[in-house]
Amino acid sequence: MQFVYSQIEGFPPLAWVASSQPGREEITVLHGRFVETRPHFFVEGAWAGDFAEGQIQNSDTVFGSGGVLGDEAVTFVSCTATTDYLYHSDDANHFVISNSLPLLLARLGDALQSACEDYSRINMSILDGFYDFTSEIPTRKGHARRVMHHNVYLDSSGIVLLEKPYAPDFSSFNEYRDYLRLRIGLLFANARNGARHLPLQVYSTQSRGYDSTAVNALAAPFGVDRVFTSPESKDKQSFYLGGDSQAPSDDGTAICEVLGLSCASIDRRSFEKKPLTHELYYWAGLDNNQDLNLHEITEYISTPTLLLTGQYGEFWYPRDSAGEQRLHCLDDGLKKWDQAGHGLAEVRLKTGLIQAAIPVIGSRHRTSILSITEDQEMTPWRLGNYYDRPIPRRIAEEAGVPREMFGQTKLASIVHLPTPNVPVTKALRTEFFRYLRQQGLLGWVGVWLLPLVQRLNNWVYWNNPSRYFYDRRKYPLLWYISYASARLFGKPLHIRMAWTRLDSFLYAFCVNKVRDEYAAQLETIKPDGDLG
């Protein structure tokens with residue numbers, strides 16, 4: 001068995017699609033210009049391990065994706081985090097797999113269903129962790145399958161999903177912190193290895209919160225090329241409705257100075273002020289996309305770049321800070337409670353970005369990490385309030401960051417747009433509305449009413465009686481109504497948001513539009529994968 005590579009100039013730099021044909025010992029890999037290819041492996045991204053050996057499948061820390069040849073078999077390797085995915089067909093004889101859903105669909109001659117209302121729910125199921133999420137994505141011809149955290153093993157007997165190797169269990173803070181340091185050091189060495197055709201830049205993000213501060217405290221000794229901070233934080237108790245945020249500053253410049261890191265400010269609302277040339281790819285990655293705040297970073301990328309983020313920092317919460325309603329997430333299945341950071345899966349392929357969500361390292365032992373968090377040893381690093389994370393606080397303070405500089409109040413820079421989501425740029429929004437009318441999915445009156453529906457949904461989401469467990473003082477009447485409902489009917493009163501099906505329609509529209517773009521590139525390729 002061997003890989004046969006073809007670099008396609010019109011592909012996104014980090015995209016790849018691999019296919020096998022019955023009776024042939026070749027795996028055809030079509031790929032963009034930033035994908036590193038070798039006879040026995042290919043990769044877009046980096047892992048904690050020796051680059052030249054190419055044994056990506058043996059690492060518990062992988063950001064990006066790739067493939068590795070074995071004895072009469074091939075293993076396709078997914079990202080450790082649940083922020084990025086592999087997609088594949090179910091036919092082992094005519095097997096096709098990609099790190100891009102639109103590219104997979106283009107290679108298969110398939111597309112998403114225009115009127116399917118289930119895509120938003122399927123995408124939301126990612127939060128259920130890699131054991132319980134919905135893997136099947138309905139298409140016009142059947143379905144595609146999403147792979148999260150697992151590796152895909154293909155041989156003559158068929159397709160098998162393999163779990164990634166486990167990190168060693170952690171019995172103390174020192175063991176856990178030292179393991180994070182070790183994996184970050186190996187990851188950086190891999191990313192910058194001289195055997196690469198294009199060594200990776202390493203960028204990071206910095207806020208005044210816990211997660212990015214701990215990440216950069218761990219990463220600083222290994223060298224970070226550039227750090228970005230967004231002084232403006234997100235709106236409090238509201239979706240983003242276009243106005244200035246009234247929340248405190250989230251500027252992490254002072255923290256970077258303490259850690260000796262070069263820091264540049266970015267505008268979380270640059271998507272409104274500058275041409276948003278890649279907006280289509282945000283929505284083709286996730287319908288409820290909250291990551292437009294990072295868009296300005298793409299202007300700094302000209303070569304493949306590893307971007308460190310604090311995604312999965314909620315894995316450092318103690319039980320009392322997580323809250324009763326989130327206790328079900330505190331297991332080893334990589335469950336999450338929001339989709340922030342999960343909207344870069346498609347746009348990153350276009351721009352050359354590999355998200356490295358550092359707190360996910362070792363997090364298959366989340367219950368052990370929770371035990372460390374709540375151990376008496378960590379008492380000196382507790383604040384005793386609702387926003388309390390002793391593990392990242394200890395990491396940062398022991399690296400020299402003063403206590404008062406970070407982790408004092410919960411902030412973030414995400415752009416959480418109101419439901420139903422619609423494109424931001426006028427041209428794409430107009431095209432989407434035209435598409436809805438042509439498909440009979442929404443008429444002129446509905447388009448006219450959308451802003452009103454979004455305002456209504458803003459109230460429903462943030463002031464819903466089902467949120468009584470933390471809104472009692474602000475909305476006592478709603479709290480008592482919901483409490484009474486819980487006592488009488490066994491569950492709190494819940495008011496549903498309106499027209500949420502439009503999020504699924506937006507996702508299908510954008511995936512298919514990107515799919516058409518990739519299909520045009522594939523038309524120059526012969527059926528056997530050779531260039532025409």
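The values are calculated or read from the model by the stated rules, or taken from the named source; none is laboratory data. Being a predicted model, the structure only gives us computed values, none of them experimental. Backbone-built Cβ (ideal geometry, glycine too); neighbour counts: all protein chains shown.
What to note about this one:
- Any chance Glu314 is crowded, with 20+ Cβ neighbours inside 10 Å and over 29 Å from Asp60 (Cα atoms): no
- Scanning the stretch 434-452 for residues that are surrounded by fewer than 18 Cβ atoms within 10 Å (Cβ to Cβ) and in contact with a Gly (Cβ under 9 Å, 6 or more places away or on another chain) yields one hit, Arg437.
- Counted residues, the stretch 384-442 - those being farther than 22 Å from Glu279 by Cα, of a type in the set (Lys, Arg) and modelled with pLDDT of 95 or more: 3
- Each residue in the stretch 99-126 was checked for being more than 18 Å from Thr500 (Cα to Cα), assigned to a helix (DSSP H, G or I) and in contact (Cβ under 8 Å) with a residue 60 or more places away in the chain, and 7 pass.
- Residue check: Glu431 meets all listed conditions (1) closer than 21 Å to Ser172 by Cα; (2) not in a loop (DSSP other than H, G, I, E, B) but one, namely (1).
- Enumeration of residues in the stretch 325-342 that are outside any helix (DSSP H, G or I) and charged (D, E, K, R): Asp331, Asp332, Lys335, Lys336, Asp338
- Residue check for Val401: in the same structural domain as Ile255 (by TED's automatic domain parsing) and part of a loop (DSSP other than H, G, I, E, B): yes
- Scope the stretch 182-240; condition modelled with pLDDT of 95 or more, touching a helix residue (DSSP H, G or I) at 6+ places or on another chain (Cβ under 6 Å) and in a loop (DSSP other than H, G, I, E, B); matching residues: Leu200, Gln206
- In the stretch 56-98, residue modelled with the highest pLDDT [restricted to those that are of a type in the set (S, T, N, Q), under 22 Å from Gly23 (Cβ atoms) and not in a strand (DSSP E or B)]: Ser89
- Looking across Ser78, Ser120, Ser100, one residue alone is hydroxyl-bearing (Ser, Thr, Tyr) and either over 22 Å from Leu506 (Cβ atoms) or surrounded by fewer than 21 Cβ atoms within 10 Å (Cβ to Cβ) (or both). It is Ser78.
- Once the stretch 238-268 is narrowed to residues that are within 23 Å of the chain's Cα centre (by Cα) and among the polar types (S, T, N, Q), the residue that is nearest to Leu294 (Cα to Cα) is Ser265.
- Selection of the stretch 242-292 for residues being out of contact with any helix residue (DSSP H, G or I) (no Cβ under 8 Å at 6 or more places or on another chain) and either buried (at least 24 other Cβ atoms within 10 Å of the Cβ) or closer than 30 Å to Leu105 by Cα (or both) yields Pro275, Thr277, Gln290.
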